[in-house]
Amino acid sequence: MNNLKNLRGTVDLLPDQLIKWQNVEKIVLEQLARASINEIRTPILEMTELFIRGIGEETDVVSKEMYTFKDRGERSCTLRPEGTASVARALIQNGMLSNHPLQKLWYMGPMFRYERPQAGRQRQFHQLGVEFIGYDSVRSDVEIIALAWDILGKLGIKELNLEINTLGDLNDRLNFQKSFLKWLEINKNSLDLDSQNRICKNPLRILDSKNVQTQKLLENAPKLFNFLSEKSRKRYSNLKKNLEVLKIPYVENFKLVRGLDYYTHTAFEITSGSLGSQATVCGGGRYDDLIKQMGGPNTPAIGFAIGLERLILLAGREFEIPRNTDIYIINQGLIAESLAMDLSRKLRNYDLLVELDLSGASFSKQFKKANKLKPKSIIVIGDDEAVNGEFIIRLFDQSGNRNEQEIISFENDIKLENWINKNLLLN
Ligand code: ATP
Ligand code: MG
């Protein structure tokens, strides 16, 4: 058995690490609730066709990175590489777009991409995604960028860079494509192989090439921005103005095209220098044509996804601290044990964090364990207490010094409640 290992690019999240995950997730979920955004959960496994149609066949994600296999019924299935296509499918399939044209949704969970594992890049990773469905005004672009920015801000993450770009609408891109194709034909032989293959299939994807030589060559190619309609340009300058009003600093990056085919108009990324070479923590943009392309009603939308592994790396050490134990119950003897068990359930009804020692070890060992945990208080139940029908509860101050001690009868709920209110809940 000792050579059983997890798959390359997947990780176990162990209890100590999960304290930080849970603390970070709590802040994020509170912020989402404050913005009136509702959760949606879709299956992790979907028909392969969903992603081919939703994301685009020629994208890196679909052409190289998908976990695709046949199930026992010979259906082609794929572990989701991202969340937006699934959300769009769920909304269309459940008829959610006719009765509720405007929806703000979030999802969180594992995503799967067959990439080369490295720092900040895994094959199973986690994303938090937010989608504003049915919204088409620039205000929604600004709101969603501000939301992403504020989530990162709430976590105390500093030195972030917001990069924005506009990709125009379908028409703008067709106009650009004509002249871009001419340029591509002329420069074909200097492009990397991947890009050469894309000339016929999906030339715009060449803009997203990671090949350094191709990137350099592209600097002299026609610029998408110059082919935008007046309306698209106005929209973009409106976005910039609004961001300035909100004092959200941004940098324009005309190379930012994002890795998925469905984006229109606004595209943005938030990066941090402290993440090293995998610097992007959040990526998003508008996808006005996706839902229609997938067979739904014409529905504009915009969204973003935050990579949770990278978010956890950026969040400070203050999130690594577990919640304090309110009461540690030390007990010994058969009757004491069952009294302790009963009491622990009662105490947890007050929303207290109660650790019941079930080790059966000696009092001194149990005290040692309790002292390590630094609980706010300790309850002791031994044979004497069991016979007398009462227990001792001791309060400690922040540096672990004993403060005061009280003896409370197991029957006296009022006294117990008063003690809890005074010593544990009010401060
Ligand atoms: P990258 O350029 O880093 O590959 P991407 O454009 O493929 O990112 P998106 O599809 O926009 O990324 O996903 C949004 C976010 O999800 C990324 O900004 C990143 O934080 C995170 N992410 C994407 N792929 C991975 C991965 N393989 N491992 C960990 N996090 C990832
Ligand atoms: Mg990628």
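The values are calculated or read from the model by the stated rules, or taken from the named source; none is laboratory data. Not measured: the values here are computed from a predicted model. In this analysis, Cβ positions are derived from the backbone assuming ideal geometry, glycine residues included, and neighbour counts consider all displayed protein chains. For the accessible areas, the whole protein counts, side chains as well, though only heavy atoms, and no ligand, DNA or RNA atoms are used. Shrake-Rupley method; radii C 1.70, N 1.55, O 1.52, S 1.80 Å.
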Under a 1.4 Å probe, what is the accessible area of the range 94-177 per residue, stated in Å²? 43 Å²
Using only the heavy atoms of the protein chains and a 1.4 Å probe, how would Phe225, Phe254 rank by accessible area, largest first? Phe254, Phe225
Compute, for Asp60, the solvent-accessible surface of its heavy atoms (probe 1.4 Å) with the complete set of protein chains present, and express it in square angstrom to the nearest 10. 40 Å²
When the C-alpha atoms of the range 269-388 are aligned to their principal axes, what extent does each axis show, in angstrom, from largest down? 74, 38, 20
Under 20 Å by backbone N from the virtual spin label 7 Å along Cα-to-Cβ at Arg317, the residues of the range 387-410 are 399
Cα long-axis angle, helix 15-34 against the chain (0 to 90 degrees, to the nearest 10): 70 degrees
In Å and whole numbers, how far do the C-alpha atoms of the range 138-192 stretch along each principal axis, longest first? 49, 27, 11
Set of lysines near Lys415 by C-alpha distance (under 25 Å), chain-local residues within fewer than 8 positions excluded: Lys346, Lys374, Lys376
Rounded to the nearest 10 Å², the accessible area of Thr10 at probe 1.4 Å: 30 Å²
Got a sec? What order do Met111, Met47, Met96, Met66 fall in by accessible area at 1.4 Å, biggest, i.e. largest, first? Met47, Met96, Met66, Met111
First measure r as the distance between the Cβ atoms of Lys70 and Gln398, then evaluate 1/(1 + (r/R0)^6) with R0 = 45 Å and state the FRET efficiency to the nearest 0.05. 0.15
Under the rule of -39500 (n - 2.57) per DSSP H run of 4 or more residues, summed and divided by the residues of the chain, what mean residue ellipticity at 222 nm is obtained, to the nearest 500 deg cm²/dmol? -11500 deg cm²/dmol
Give the accessible area for Ser140 in Å² (nearest 10); use a 1.4 Å probe, count only protein heavy atoms, and leave out ligands, DNA and RNA. 10 Å²
Determine, from the Cβ-Cβ distance of Ile199 and Asn38 and an R0 of 41 Å, the FRET efficiency 1/(1 + (r/R0)^6), rounded to the nearest 0.05. 0.45
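Using only alpha-carbon positions, what ratio does the radius of gyration of the range 1-100 give when scaled by 2.2 N^0.38 Å? Don't jump to the answer; show the numbers that get you there.
On the way: Rg = 17.6 Å, N = 100, 2.2 N^0.38 = 12.7 Å.
That works out to 1.39 for the range 1-100.
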Sort Val251, Val380, Val245 by accessible area with a 1.4 Å probe, largest first. Val245, Val251, Val380
Compare Ile312, Ile392, Ile302 in a GNM of the chain, Cα atoms joined below 10 Å, and give the one with the largest fluctuation. Ile392
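Say the cut-off is 26 Å between C-alpha atoms; which of Lys234/Lys255; Lys240/Lys292; Lys104/Lys210; Lys26/Lys104; Lys26/Lys369 go over it?
From Lys234/Lys255; Lys240/Lys292; Lys104/Lys210; Lys26/Lys104; Lys26/Lys369, over 26 Å: Lys240/Lys292; Lys104/Lys210; Lys26/Lys369.
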What relative contact order, as a whole-number percentage, does the chain give when Cα pairs under 8 Å and 6 or more residues apart are counted? 15 percent
Sum up the lysine pairs in the range 135-209 that clear both bars: alpha-carbon distance under 20 Å and a spacing of 8 or more or different chains. 4
Most fluctuating of Lys292, Lys369, Lys70 in the GNM of the chain (C-alpha, under 10 Å) is Lys369
Under the rule a/c < 1.5 gives rounded, and otherwise a/b versus b/c splits prolate from oblate, where does the range 39-186 land using the Cα gyration tensor? rounded
When the Cα centres of the range 33-71 and the range 313-332 are compared, how far apart do they sit, in Å? 36 Å
Note down the Stokes-Einstein diffusion coefficient of the chain in µm²/s, whole number, using a Kirkwood radius over alpha carbon pairs, 20 °C, and 1.002 mPa s. 85 µm²/s
How large a share of the accessible area of the chain, in percent, is made up of carbon and sulfur atoms when the probe is 1.4 Å and the other protein chains stay in place? 50 percent
